[in-house]
Amino acid sequence: MTTKDKFYQYIQNLQDAITTKLEAIDGKAKFKEDIWKRPEGGGGRTRVIENGNVFEKGGVNISGVNGKLPKSMQTYFKVGEVDFFACGLSLVLHPKNPMVPTVHANWRYFEMYDDNGPIIDSWFGGGQDLTPYYLFDEDAKHFHQTCKTACDKHNPEFHTTYKARCDEYFYNAHRNEGRGIGGLFFDYCKASETMTMGDWYNFVTEVGDSFLDAYVPIVEKRKKLPYTEAQRHWQEIRRGRYVEFNLVHDKGTLFGLKTNGRIESILMSLPPHVQWVYDHQPEVGSEEERLIQVLKNPKDWILK
């Protein structure tokens, strides 16, 4: 089986595992499935959950698209006219309770071909990251430790490298703060002297398999905590920063829009209720301010 077929099968199975588990946690809402086709080639399976007991909105989407690489992306990748194949699973979950963090994850594979068909380039990418509204240190440690455990099975340097890249990538430069408290981010994972594409497949799927272990215990612990209207208000303000990142900086959104991607799937990541309050400043010494301080100064959550 080719790498692309093997990975596409993997993300289909992972989507099933994740949506089944999240429905069980929510206890009310079910994922609505939408099978779609891309006119230029390929398609996907979008699954969206809304207005649940736990999840206000979320999506766990897979896609596999192919065809001629659009002009805008030829310039981006510095190539001429080539064919491409891209597949991946992308998820974003926006819980209702502000004590439960938003989470995002993505695992993907990309190939480019010349006119005769052979692969001229291929790589894996992905990661997972956590965006809390109220900071529970033990949750942050758990999420990062789960990421590190997955990385350490493949290379002792991966976690340090990909955690730093995550802090760097999910950063709202116009706000001088991180979108969240990070996790892992890796891209252009290509065959090298030390890693075959098979090795990269094993690494990326290890991280994918770790997602539920990283996130579910946090949701279970926080989903029934009480919260106030003021805390919900803060959550909606912070969600605004999430939207800003996705629409201004995110490369995945940009790629989707420039390859005539399916707009409903691309914008699935946006939360349903958001606020932009002019020059909002959290109260000095508050939990809200503590979160901002960490977003401005990323922490190493795992004690060495």
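The values are calculated or read from the model by the stated rules, or taken from the named source; none is laboratory data. Just so you know, these numbers come straight off a predicted model, no measurement behind them. No Cβ is skipped: glycine too gets one built from the backbone with ideal geometry, and neighbour counts run over all protein chains shown. Heads up: the accessible areas ignore ligands, DNA and RNA and are worked out on the full protein's heavy atoms, side chains in. Shrake-Rupley method; radii C 1.70, N 1.55, O 1.52, S 1.80 Å.
Residue-level check: of (1) of a type outside the set (A, V, I, L, M); (2) in contact with a Lys or Arg (Cβ under 7 Å, 6 or more places away or on another chain); (3) not in a loop (DSSP other than H, G, I, E, B), Pro272 misses just (3). Evaluating Gly180 against the criteria (1) open to solvent by 10 Å² or more (accessible area, probe 1.4 Å); (2) assigned to a helix (DSSP H, G or I) leaves one unmet condition, (2).
The residue of region 209-239 that is farthest from Arg175 (Cα to Cα), among those that are of a type in the set (S, T, N, Q) and either in contact with a Lys or Arg (Cβ under 9 Å, 6 or more places away or on another chain) or surrounded by 15 or more Cβ atoms within 10 Å (Cβ to Cβ) (or both), is Ser210. In the set (1) over 18 Å from the mean Cα position of the chain (by Cα); (2) assigned to a helix (DSSP H, G or I), Glu264 fails one condition alone, (1).
Of the candidates His154, His233, His159, His142, the single residue that is part of a loop (DSSP other than H, G, I, E, B) and over 16 Å from the mean Cα position of the chain (by Cα) is His154. For region 184-208, the candidate set comprises residues that are polar (S, T, N, Q) and open to solvent by less than 70 Å² (accessible area, probe 1.4 Å); within that set, the residue that is farthest from Ala150 (Cα to Cα) is Ser192. Of all residues in region 247-271, those being over 17 Å from Trp107 (Cα atoms), modelled with pLDDT of 85 or more and touching a helix residue (DSSP H, G or I) at 6+ places or on another chain (Cβ under 9 Å) number 6. Gly117 meets all of the listed conditions (1) part of a loop (DSSP other than H, G, I, E, B); (2) buried (at least 22 other Cβ atoms within 10 Å of the Cβ) but one, namely (2).
Arg108 falls short on exactly one of the conditions (1) farther than 20 Å from Phe211 by Cα; (2) open to solvent by 10 Å² or more (accessible area, probe 1.4 Å), and that condition is (1). Considering (1) within 22 Å of the chain's Cα centre (by Cα); (2) under 30 Å from Arg38 (Cα atoms), the lone condition that Ala191 does not fulfil carries the number (1). Among the residues in region 113-122, are any modelled with pLDDT of 95 or more and aromatic (Phe, Trp, Tyr)? There is no residue in region 113-122 that is modelled with pLDDT of 95 or more and aromatic (Phe, Trp, Tyr). Look at region 172-192: where a residue is within 14 Å of Val294 (Cβ to Cβ) and a partner is open to solvent by 60 Å² or more (accessible area, probe 1.4 Å) and in a strand (DSSP E or B), sitting 6+ places away or on another chain with Cβ atoms under 6 Å, you get Gly178/Tyr171. When Met73 is tested against (1) modelled with pLDDT of 95 or more; (2) surrounded by fewer than 21 Cβ atoms within 10 Å (Cβ to Cβ), exactly one condition is not met: (1).
Residue-by-condition table, conditions (1) more than 22 Å from Gly126 (Cβ to Cβ); (2) of a type outside the set (A, V, I, L, M, F, W, C); (3) open to solvent by 20 Å² or more (accessible area, probe 1.4 Å):
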site	(1), (2), (3)
Arg241	yes, yes, yes
Glu244	yes, yes, yes
Val248	no, no, yes
Gly256	no, yes, no
Val274	yes, no, yes
Gln281	yes, yes, yes
Gly285	yes, yes, yes
Lys296	yes, yes, yes
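Contact map, region 247-268: residues that are in contact (Cβ under 8 Å) with a residue 24 or more places away in the chain paired with residues that are among the aromatic types (Phe, Trp, Tyr), Cβ distance under 6 Å, separation 6+ or inter-chain. Pairs shown: Arg262/Trp36. The set of residues from region 9-24 being more than 24 Å from Tyr201 (Cβ to Cβ), of a type in the set (A, V, I, L, M) and surrounded by fewer than 19 Cβ atoms within 10 Å (Cβ to Cβ) comprises just one member, Ala24. Looking across region 204-230 at every residue that is without any contact (Cβ under 8 Å) to a residue 60 or more places away in the chain and either of a type in the set (Gly, Ala, Ser) or assigned to a helix (DSSP H, G or I) (or both), the one that is nearest to Gln128 (Cα to Cα) is identified as Glu206.
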